[in-house]
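Take a look at the structure below.
The values are calculated or read from the model by the stated rules, or taken from the named source; none is laboratory data. Please read all numbers here as calculations on a predicted model, not as lab measurements. For neighbour counting, all protein chains shown are included, and Cβ atoms are generated from backbone atoms with ideal geometry for every residue, glycine included. In case anyone asks, the SASA skips ligands and DNA or RNA and just uses the protein heavy atoms, side chains included. Shrake-Rupley method; radii C 1.70, N 1.55, O 1.52, S 1.80 Å.
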Amino acid sequence: MTASRRPLIAGNWKMNGLSGDGLTLAAAVADYYKGKGAASFDMLICPPFTLLGAAGGAIEGSGVSLGAQDCHMAEKGAHTGDISIAMLADTGCSHVIVGHSERRTDHGETNEVVCAKAEATNAGGLIAVVCIGETEAERDAGKTLDVVKTQIAGSVPGGATAANTVVAYEPVWAIGTGRTPTSDEVQDVHAFIRSELAGKLGQDHADGIRLLYGGSMNPGNAKELLALADVDGGLIGGASLKPGDFGAIGDSC
Ligand code: PEP
């Protein structure tokens, strides 16, 4: 972490949460964050679409932000089952995760699609959390930096700034597995991401954009990961469903 970038602790609930447990969780996160007073970090929850409205109500006034896990790139129209940025903004969202590896894998989302979604997010005044990261096979083949470089080139909009974009580095093999890269590896990839962003967007934007690490972050490893110079927060899946663990990660900032 670096003083000039305020850390962001973001929870990706994925396809979890009904009105009972989901709202209890949202209220617990709100209580935790309110109890921090003038917290030195930002907190974001990304519940499933079905809970956005109610979860937004549960966190209202707490300072916790609301985000969605995906969006459609079109403004409106004949896209059955999809959700537009205007709809998400209308529900109280300020952030949208785009290009999560589960979207890339389950729905065949390409870098071009992810970039279009990020651009739509920004055009609608919301902040895109653009996810990138290599698979285990790519890592084993020594291609991590090549993959990340291609994903940044293709998925991050040319108009990305610190105000409208967050980048999350999530090694696919670390998501939900309990495995993480070493701290040195995380820092090396994050520093590389920042240098690629500098080449694409200019040094000022690259220095301001927050880079989150995601992949089995938990209360046991958060402090070490969050202390790395180019890690500006975490995108947290499993541990974000346990308010105690999510709060403990916040406390690590
Ligand atoms: C994620 O899916 O974004 C994630 C990081 O999951 P987990 O924390 O469970 O590895």
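Could you say whether any residue in the range 69-92 is buried (at least 18 other Cβ atoms within 10 Å of the Cβ) and part of a strand (DSSP E or B)?
No, every residue in the range 69-92 fails to be buried (at least 18 other Cβ atoms within 10 Å of the Cβ) and part of a strand (DSSP E or B).
For residues in the range 186-221 being among the charged types (D, E, K, R) and open to solvent by 30 Å² or more (accessible area, probe 1.4 Å), which is nearest to the ligand (Cβ to nearest atom)?
Looking at the filtered set, the residue picked out is 210.
Considering the range 231-253 alone, what residues qualify as being in a helix (DSSP H, G or I), open to solvent by 30 Å² or more (accessible area, probe 1.4 Å) and of a type in the set (A, V, I, L, M, F, W, C)?
Of everything in the range 231-253, those that are in a helix (DSSP H, G or I), open to solvent by 30 Å² or more (accessible area, probe 1.4 Å) and of a type in the set (A, V, I, L, M, F, W, C) turn out to be 241, 248.
Take the range 145-185 and flag every residue that is over 16 Å from the mean Cα position of the chain (by Cα) and within 13 Å of the ligand (Cβ to nearest atom).
173, 177, 178, 179, 180, 181
Which pairs do you get when a residue that is open to solvent by 80 Å² or more (accessible area, probe 1.4 Å), found in the range 137-154, comes within reach of a residue that is part of a helix (DSSP H, G or I) and not aromatic (Phe, Trp, Tyr), reach meaning Cβ atoms under 6 angstrom, with the pair 6+ apart or on two chains?
Close Cβ pairs satisfying both conditions: 149/196.
Among all residue pairs at least 6 apart or on different chains, which show Cβ distances below 6 Å where the first residue, located in the range 117-136, is closer than 20 Å to residue 171 by Cα and the second is of a type in the set (A, V, I, L, M) and open to solvent by 10 Å² or more (accessible area, probe 1.4 Å)?
Going by the 6 Å Cβ cut-off, the qualifying pairs are 133/172; 134/147; 135/172.
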